[in-house]
Amino acid sequence: MKIATYNVNGINGRLPVLLKWLALAQPDIVCLQELKAPQEKFPETPIRDAGYDVIWHGQSRWNGVAMLSRIGELHETRRGLPGDPRDEQSRYIEAAVGGILVAGLYLPNGNPWPGPKYDYKLQWMARLDTHLETLFDLKAPVVACGDYNVIPTDLDVYKPENWKDDALFSPEARAAFQGILDQGWTDAIRHLHPDERIYSFWDYWRRSYERNAGIRIDHLLLNKAAAKRLKAAGVDTRPRGWEKSSDHAPAWIELADERPKGKNERTRRC
DNA sequence: ATGGCGTGGCTGCCACGA
């Protein structure tokens, strides 16, 4: 089972790129961020025509998250991150599908730092920490993926000194991300590639992608049951080189199929 | 150090992103 997270930076402007990538990569479950479309302007029909069930939480101009599945119906368990009823930004959606629980999130950018947007980011991360703690111990596999807008370590940024004053690389944001990992979550890409430079975002300007001047901010976190099934993880850089691309590329994992139970044990041994 | 580019919304710009 292949699960991906992709910040599309505008779902309607990006639809041809998204559909081309879905056909190419054939992901089973996809979380999308930065739809930049109100609820009624989400392109539901072309996505369903591509073979996916879909749920989404839109917002005019900014934010917006969606989830796609081609392995069965999405059973939505939550929209909106709990912990602040006054928060009206569309940044969190959660659903059960195919025996696993998937959370798709778009963590606030937080720039400029310091400032109210930065405060909102840290508050949002504290709420995420609280909520993910309730999901970690579920018996079922849980995948919490999305644009975290956090560069976890120096290995995740092409030139750390350029980012030292940025909210994506602030000590507090990094500590908050580490705090979530300390609950026991596995950063899938880093776990399988401990020393490799892997990026998921490249600025549009200064030929950043051509120079591979990127950062890794799109993450897939796995609880114990999900980590046990982790087979592969990476970033699919192909669409980043296409015309009219997002500035992000999709990050993905592959989970092993659920192990057959009971009567199949014997036949597997033969 | 600054600016560079791109999206969407409502009209010649502005807010926002990372």
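The values are calculated or read from the model by the stated rules, or taken from the named source; none is laboratory data. Keep in mind the model is a prediction, meaning the values are calculated, not measured. Using ideal geometry, Cβ is built from the backbone for each residue, glycine included, and neighbour counts are taken over all protein chains shown. Accessible surface areas use protein heavy atoms only, side chains included; no ligands, DNA or RNA. Shrake-Rupley method; radii C 1.70, N 1.55, O 1.52, S 1.80 Å.
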* To do: State whether the residues of segment A:44-63 include one that is part of a helix (DSSP H, G or I) and more than 30 Å from residue A:232 (Cβ to Cβ).
  => yes
* To do: Check segment A:40-55 and report whether any residue there is buried (at least 18 other Cβ atoms within 10 Å of the Cβ) and under 27 Å from residue A:215 (Cβ atoms).
  => no
* To do: Take the residues in segment A:1-25 that are within 15 Å of DNA strand B (Cβ to nearest atom) and of a type in the set (Val, Ile, Thr), then tell me which one is surrounded by the most Cβ atoms within 10 Å (Cβ to Cβ).
  => A:5
* Structure fact -> Selection over segment A:71-120 where residues are of a type in the set (A, V, I, L, M, F, W, C), in contact with a helix residue (DSSP H, G or I) (Cβ under 9 Å, 6 or more places away or on another chain), assigned to a strand (DSSP E or B) and open to solvent by 10 Å² or more (accessible area, probe 1.4 Å) yields a count of 1
* Structure fact -> Log entry, pairs with first residue in segment A:60-88 being among the polar types (S, T, N, Q) and within 13 Å of DNA strand B (Cβ to nearest atom), second being open to solvent by 10 Å² or more (accessible area, probe 1.4 Å) and not in a loop (DSSP other than H, G, I, E, B), beta carbons closer than 9 Å, six or more apart or on different chains, reads A:60/A:39; A:60/A:41; A:63/A:57; A:63/A:106
* To do: Please verify whether segment A:148-164 includes one or more residues that are open to solvent by 20 Å² or more (accessible area, probe 1.4 Å), part of a loop (DSSP other than H, G, I, E, B), among the hydrophobic types (A, V, I, L, M, F, W, C) and over 19 Å from residue A:29 (Cα atoms).
  => no
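Does residue A:229 satisfy the condition of being at pLDDT 95 or above and either touching a Gly at 6+ places or on another chain (Cβ under 9 Å) or within 10 Å of DNA strand B (Cβ to nearest atom) (or both)?
No: the conditions fail for residue A:229.
If you go through segment A:232-258, how many residues are among the basic types (Lys, Arg) and modelled with pLDDT of 95 or more?
Applying the first criterion (among the basic types (Lys, Arg)) to segment A:232-258 yields A:238, A:240, A:244.
Next, from what is left, pick out any that are modelled with pLDDT of 95 or more: A:238, A:240.
Going through segment A:232-258 one residue at a time, the tally reaches 2.
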* Asked: Under 6 Å by Cβ, and 6 or more places apart or on different chains, what pairs join a residue from segment A:8-36 that is assigned to a loop (DSSP other than H, G, I, E, B) with one that is within 7 Å of DNA strand B (Cβ to nearest atom) and hydrophobic (A, V, I, L, M, F, W, C)?
  -> A:11/A:37; A:12/A:37; A:35/A:11
